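Can you keep this structure in mind? I'll have questions shortly.
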């Protein structure tokens, strides 16, 4: 009897206690059926079984036996061998997809998970601890309403390459990866290049959802007090009339955060399987293969049909390179020169617009390294100076004014004074 109790669940034990009271006559059959949440007929069946077999009558006959639908040991060994050799760090769902696509083994991910757990390849899932409650934000209604954007530093190529940054933009309404690209870092130049490609391909979204990284927001206290202090990225989005929203926590832009969590599991392994170890090949793989397959599998239908991206105007399309770059303002000096990053530039005599001294011009440092000087919408002609221009000397020739001359009294031992004193004495003696 003791071994039987070891195989009984808490639900079975409760049922056993009720049936024993029914057998003792402590409760009626109707009351026992109500407590068991069973019919009177089913309760009578359990009562007869317990009377004949004891507690074993409450245990299902198939408990402890292998299922009739269990895979054969040969198929299970083959799955374990394939997963151990090629997909040892894949999640069960991802491993099931690869077994179906590559090896023709079509089984439910739950079946693959059970096999992986039994063989020790995949750890059994632990119960989640209680987390802080956060309210769920409803998706935007249409495609192009809101784009969540961020960068993730990771060893995407594992030991085949160093740590690089993946820039990715996901649509809030559909969950589609709208654009993604590998870059060396999340600075101004890579981000501007990312968005030039995005805007050329898709147009302008209504709003962007970003974090408070220094590329996207001025974080100094003094800069935050002044609303006019903008980063290069904020200034560019303002010129393009795209709203920028800064998230106060990673959970606020959870869609792009979960995207990177998925990509760090799937994309790294896909790059390994395709033997890709450089950013150029990885970017081609993203556009041609990975993103279309990802969107087909994970994207959802928006509540409202239509594309809310706004097409670029011809003027904006031509000016994208000048908008999405570093810009700085400089004042024209009296000799019509300006300086930028320790380099001096001389404005030539022929200009498309009138240039005056003290004019404030805009200097564009574009992503290709070229320098452009702009004033009132026109680009100025200039030449680089090898050295800093010499200041023009405005000193007048030195002249001693008459009013500035002073009489100088010779010293008593001056030869002229000694001679004069001797002459005076000689003259006085001659009179005597």
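The numbers here are math on the coordinates, done by the rules we state, and not lab data. Keep in mind that what you see is a predicted model, and the values were worked out from it rather than measured. Reconstructed Cβ throughout: ideal geometry from the backbone, glycine too, with neighbour counts over all protein chains shown.
Order of 300, 332, 287, 83 from fewest to most other C-beta atoms within 10 Å?
Ranked by crowding around the Cβ, least crowded first: 300, 287, 332, 83.
Against the longest alpha carbon principal axis of the chain, how many degrees, from 0 to 90 and to the nearest 10, is the axis of helix 415-431 turned?
20
Next up: Could you give me D for the range 73-118, from Stokes-Einstein at 25 °C and 0.890 mPa s, where the hydrodynamic radius is the Kirkwood radius over C-alpha pairs? Units µm² s⁻¹, please.
Reported coefficient: 242 µm²/s.
May I ask you to sort 344, 416, 195 by Cβ crowding, counting other Cβ atoms within 10 Å and putting the fewest first?
Exposure proxy ranking, most exposed first: 416, 344, 195.
Something else now. Classify the range 325-385 as rounded, prolate or oblate, taking a ≥ b ≥ c as the square roots of the eigenvalues of its Cα gyration tensor: rounded when a/c is under 1.5, otherwise prolate if a/b is larger than b/c and oblate if not.
Cα axes put the range 325-385 in the prolate bin.
Note the angle between two axes, namely the Cα long axis of helix 109-118 and the longest principal axis of the Cα atoms of the chain, as a number of degrees from 0 to 90, rounded to the nearest 10.
90
Which order do 382, 136 fall in if you start with the one that has the fewest other Cβ atoms within 10 Å?
So the residues, fewest neighbours to most, are 136, 382.
Relative contact order of the chain: what whole-number percent is it, with Cα pairs under 8 angstrom and at least 6 residues apart?
11
Pairing the Cα long axis of helix 40-53 with the longest principal axis of the chain, what angle in degrees results, from 0 to 90 and rounded to the nearest 10?
Roughly 80 degrees between the two axes.
With no solvent and one equal point scatterer per Cα, compute the Debye intensity ratio I(q)/I(0) for the chain at 0.09 Å⁻¹ and report its log10, rounded to two decimals.
Taken in order of the listed q values, log10 I(q)/I(0) reads -0.85.
P(r) tail for the range 24-96, what percent of Cα pairs lie past 15 Å?
The proportion of pairs with Cα distances above 15 Å equals 71 percent.
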